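Novice: Let me give you the structure first, and then I'll get to my questions.
The values are calculated or read from the model by the stated rules, or taken from the named source; none is laboratory data. Bear in mind the structure is a predicted one, so any value in this text is a computation, not a measurement. Backbone-built Cβ (ideal geometry, glycine too); neighbour counts: all protein chains shown. Areas reflect the complete protein model, heavy atoms only, side chains present, ligands, DNA and RNA absent. Shrake-Rupley method; radii C 1.70, N 1.55, O 1.52, S 1.80 Å.
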Amino acid sequence: MRPFEDADAPALIEVYRDETLRRFTRTPVDDAGQAAYWLSLQYDGWAAGTRYAFAVLDAGELVGNVVLKRGTPGVERAEVGYWTAGPARGRGVAPRAVEALTAWAFATFAEGGLRRIDLLHEGDNHASCRVAEKSGFALEEIVPAFPPYPLDGHRHSRKWLDGAERRASQ
């Protein structure tokens with residue numbers, strides 16, 4: 001995993017041709033201009049401390065994206081998002097990337113107050129449910145549909161345990 005780079009634009013365009021990925025993402029990437037815009041959103045998020053997107057690579061090929069969305073730095077919750085390129089699905093790419101991002105996020109931001117990371121998905125996205133479970137995110141609640149999402153969703157969560165909570169849970 002590494003932060004996205006301008007050189008990822010052609011691979012993004014190719015990955016975004018997948019209809020399944022397009023169904024569950026909001027920002028289209030059909031051409032070089034849209035790829036540049038998508039990348040600028042990632043760079044702006046890093047600069048603002050609100051969005052940390054990583055390219056997931058396999059043998060140098062873009063196979064996924066995993067992102068920590070913080071909204072406001074210093075808050076106790078964040079959200080993880082991800083997608084996997086069509087040819088890489090079913091190979092464990094997403095659970096490994098989500099787990100790596102989660103470990104990085106807690107190691108990087110727990111001292112600043114991060115205590116919970118949520119993973120949200122539409123209720124009919126069964127693959128995302130499996131990714132959440134494999135990554136240790138427990139189902140917390142069913143979230144009512146809210147535009148632009150037409151279906152109820154799921155909220156899965158992982159919590160950071162400080163030393164006292166960790167000892168008490170053992």
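Novice: Among Val93, His156, Thr72, whose Cα lies farthest out toward the positive end of the dipole of the chain, if unit charges sit on the beta carbon of Lys, Arg (+1) and Asp, Glu (-1)?
Specialist: Among Val93, His156, Thr72, the one farthest towards the positive end of the dipole of the chain is His156.
Novice: Would you work out the charge dipole size for segment 1-121 about its Cα centre, treating the Cβ of every Lys and Arg as +1 and the Cβ of every Asp and Glu as -1, and quote it to the nearest 20 debye?
Specialist: About 480 debye.
Novice: Another one. For Asp152, what charge total do you get from the other residues with a beta carbon under 13 Å from its beta carbon, if Lys and Arg give +1 and Asp and Glu give -1?
Specialist: -2
Novice: Per DSSP H run of n ≥ 4, the term is -39500 (n - 2.57); total these for the chain, divide by its residue number, and report the mean residue ellipticity at 222 nm rounded to 500 deg cm²/dmol.
Specialist: -11000 deg cm²/dmol
Novice: What dipole magnitude, in Debye to the nearest 20, does segment 43-88 give about its Cα centre under +1 on Lys/Arg Cβ and -1 on Asp/Glu Cβ?
Specialist: 200 debye
Novice: Measure off, as a whole percent, the carbon and sulfur share of the 1.4 Å-probe accessible area of segment 76-151, all protein chains present.
Specialist: 57 percent
Novice: Heads up, I need the accessible area for Glu79: 1.4 angstrom probe, whole protein in place, Å², nearest 10.
Specialist: That residue has around 50 Å² of solvent-accessible surface.
Novice: Taking the chain as the reference, fit the longest principal axis to its C-alpha atoms, fit the long axis of helix 32-48 to the helix C-alpha atoms, and give the angle between the two in degrees, 0 to 90, nearest 10.
Specialist: Approximately 30 degrees, to the nearest 10.
Novice: Let me ask something else. In whole angstrom, and with the biggest value first, how far do the Cα coordinates of the chain range along each principal axis?
Specialist: In descending order, the Cα extents are 51, 33, 32 Å.
Novice: Right, something else. Which angle between 0 and 90 degrees, to the nearest 10, do you get for helix 93-109 versus the longest principal axis of the chain when only C-alpha atoms count?
Specialist: Value to nearest ten degrees: 50.
Novice: Rounded to the nearest 0.05, what FRET efficiency is calculated for Ala32 and Lys159 with R0 set to 41 Å and r the Cβ-Cβ distance?
Specialist: The formula returns an efficiency of 0.50 here.
Novice: Going by accessible area, probe 1.4 Å, with all protein chains left in place, what is the ranking of Phe146, Phe24, Phe4, largest first?
Specialist: Per-residue accessible area, sorted high to low, gives Phe146, Phe24, Phe4.
Novice: Assuming R0 = 45 Å, can you tell me the calculated FRET efficiency for the pair Thr20 and Glu111, based on Cβ-Cβ distance, to the nearest 0.05?
Specialist: 0.75
Novice: Name the residues of segment 72-91 whose amide N is less than 14 Å from a point 7 angstrom out from the Cα of Trp104 along the C-beta direction?
Specialist: Flagged as within label range: 80-83.
Novice: Given a 1.4 Å probe and every protein chain left where it sits, what share in percent of the accessible area of segment 14-74 is carbon and sulfur?
Specialist: Whole-percent figure for carbon plus sulfur exposure: 50.
Novice: Another question about this same structure. For Arg77, tell me the accessible area in Å² from a 1.4 Å probe, rounded to the nearest 10.
Specialist: Using a 1.4 Å probe on the heavy atoms, I get roughly 130 Å².
Novice: Could you please report the charge total around Ala100, scoring K, R as +1 and D, E as -1 over all other residues with beta-carbon less than 14 angstrom from its beta-carbon?
Specialist: It works out to a net charge of +2.
Novice: Pick out which of Ala145, Ala55, Ala132 has the largest mean-square fluctuation in a Gaussian network model of the chain, springs linking Cα atoms closer than 10 Å.
Specialist: Ranking Ala145, Ala55, Ala132 by mean-square fluctuation puts Ala145 first.
Novice: Right, something else. With every protein chain in place, what's the accessible area of Ile142 (1.4 Å probe, Å², nearest 10)?
Specialist: Using a 1.4 Å probe on the heavy atoms, I get roughly 90 Å².
Novice: May I pose another question? Subtracting the Cα-Cα distance from 0.36 nm times the residue separation, let me have the gained length for Asp6 to Arg77 in nm, one decimal.
Specialist: 22.6 nm
Novice: Oh, and also: How much area per residue is accessible in segment 17-170 when the probe is 1.4 Å and only protein heavy atoms are counted (Å²)?
Specialist: 55 Å²
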